[in-house]
Amino acid sequence: MAASAIGGLIASAPGPVQARAASYEGSAPSCFVTGGGSLEICRDGTEAEGVLIAPAPCAFVRGVQILRLARAEAPGPLQAIFQGQTPVAARHRDEPCPERRATDSRDGGSLRTGRSPEALATTLPPSADRFWVDLPEERAHKRGWSEPTPAAEGIGPRDPVAVSGRDWAGEAYSYVFLLGQERVGVSGDQDEDTKGRKRRGRDDPAEGPADVRRRVQIEARTLDFQTFEIRTRTPDGYGLTWTPFAPDADRGRGTPPNPAAVIDEAGKPIASACTAPAFETHGLSGSISIVDRTYHYVYTDVLPEDCGLAPEKRRTALYLRTSQDLSAPKVWSAPRRLAGPLPPGSLVRVARAKGMQRWAVSYTCQRPANAPGGPVADICLQYTSDMTLDGIGALKLYADPVEAGRSPAYLGLRSGGDGSGRYDRSAHFWMTDPQGNLETPAIYPGKAGLLTWLDRLAPTASGRDTSSLYGRPVYWATWTVRSIGGQ
């Protein structure tokens, strides 16, 4: 290899990631070495990519996890779990699908699921809403009121992550963890960083400083990914119970079950470190995987010392919590910090690699400025040397300065973009086995994994840009990893 071909990339390479020249053309990156120097990832121009779905103007899809079920009943073994739009009032068949935007912070969307056979692994299967919270304007319409009224907090599920229950102990349930929001301030005395922030390029209108929120983790369980029970408080407020979500039942003016925040071993709710205006909350997004009959919940949250900064400037860190039983009253251990600081808004997923005793770590990043295609958004990927948890923290995910979010370990994704060279790789996830660890479709047995992501800059199916979320396509891509150096 000529030194001139790789010097720029190696100069900014974080830690053990090394770059070398590639022999193909296009926007894919140079190969890079990971896994402590024993693995190499090369996504050349022939690596598979495609469109998972291009939603209608009144719909969105984000955070698609493709889960291979342990049982392969009809219509197939692959279960898609994702966050979609909140249902609206029924329309007549001849009515067009309306353009939509998020206009209320309680519109967290709905949990949607759908099943497909292996052959359709790279196409989003037909799906249905499984639980949600009614929008305030919909409630007003149903009750015959002319003005929207204050709504209960409801569920508003975001960022679902699904994993099997203790199947080694005969448990039949699967669990889905989601993120809700709780209001933490209703007066003008909250922190200065929560007051009067302008929101640029978002789907939401400016809100008064009173709507200050914190993210909390909530929990649901299911036997079939069609009907769900939500973990709620008992009527006396002290115990926990599982409440079926029944959208057609009389729940007293349409109020859905009010979920209880998931609790850790110290009796504290799993909540984000910082408060923020409703549309700017961050924290708790991540992944859950089972290794050695232990659940590993790896997620990012804002550094507590950055809570006084504007939400878009708050750095994050990577945390770990573990569990032996997801149905226990106190689910998770106390948090352990694995890595940080990381750039603001970082999303990191961690799972055991396919066919290896290593952790795979995918994360949002920017390509280096001198990389093919320039400094654009991408998804980065690294492998650890073994299954020790310290190995996750030992990875240097970003080059200095960390706040820039750049890394040479980028996959060089080609799909999406607005046509002018700008990309947005949001809410990425991947395909997993029932234990939340990496898996691939049967049509790609030699691949190391399959990613999904949302591009909020790609053109919508309708050709209109009313929203930066509704109608935007979701893509998929595979990657390949190989051993090097005779290891």
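The values are calculated or read from the model by the stated rules, or taken from the named source; none is laboratory data. A quick note: this is a predicted structure, and the numbers were derived from the prediction, not measured. No Cβ is skipped: glycine too gets one built from the backbone with ideal geometry, and neighbour counts run over all protein chains shown. For accessibility, only protein heavy atoms count, side chains too; no ligands or nucleic acids. Shrake-Rupley method; radii C 1.70, N 1.55, O 1.52, S 1.80 Å.
Worth a mention:
- Some residue of the stretch 320-332 being among the small types (G, A, S), closer than 17 Å to R215 by Cα and either in contact with a helix residue (DSSP H, G or I) (Cβ under 8 Å, 6 or more places away or on another chain) or open to solvent by less than 10 Å² (accessible area, probe 1.4 Å) (or both): no
- Pick from the stretch 333-348, criterion more than 19 Å from Y398 (Cβ to Cβ) and not aliphatic (A, V, I, L, M), ranking: most open to solvent (accessible area, probe 1.4 Å): R336
- Identity of the residue in the stretch 278-319, farther than 23 Å from L395 by Cβ and within 17 Å of the chain's Cα centre (by Cα), that ends up surrounded by the fewest Cβ atoms within 10 Å (Cβ to Cβ): F279
- Residues of the stretch 374-392 satisfying the condition of being closer than 30 Å to I290 by Cβ and open to solvent by 30 Å² or more (accessible area, probe 1.4 Å): S385, D386, M387, T388, L389, D390
- The stretch 104-141, residues that are open to solvent by 10 Å² or more (accessible area, probe 1.4 Å), assigned to a loop (DSSP other than H, G, I, E, B) and at pLDDT 70 or above: P117, T122, T123, L124, P125, P126, S127
- Hits in the stretch 211-236 (condition: over 18 Å from S110 (Cα atoms), open to solvent by less than 40 Å² (accessible area, probe 1.4 Å) and in a loop (DSSP other than H, G, I, E, B)): D211, T234
- Matching option when the condition is open to solvent by less than 40 Å² (accessible area, probe 1.4 Å) and farther than 25 Å from V298 by Cβ, among G421, G412, G436, G449: G421
- A single entry from A371, A360, A351 fulfils the requirement of being at pLDDT below 95, buried (at least 22 other Cβ atoms within 10 Å of the Cβ) and over 30 Å from R233 (Cα atoms): A371.
- Answer from T275, T281, T316, T364 - the residue that is within 30 Å of R482 (Cα to Cα) and not basic (K, R): T364
- Elements of type strands (runs of 3 or more DSSP E) in the stretch 390-487, at least 2 residues being within 17 Å of the chain's Cα centre (by Cα) and touching a residue at least 24 places away in the same chain (Cβ under 8 Å): 426-432, 449-454, 474-479
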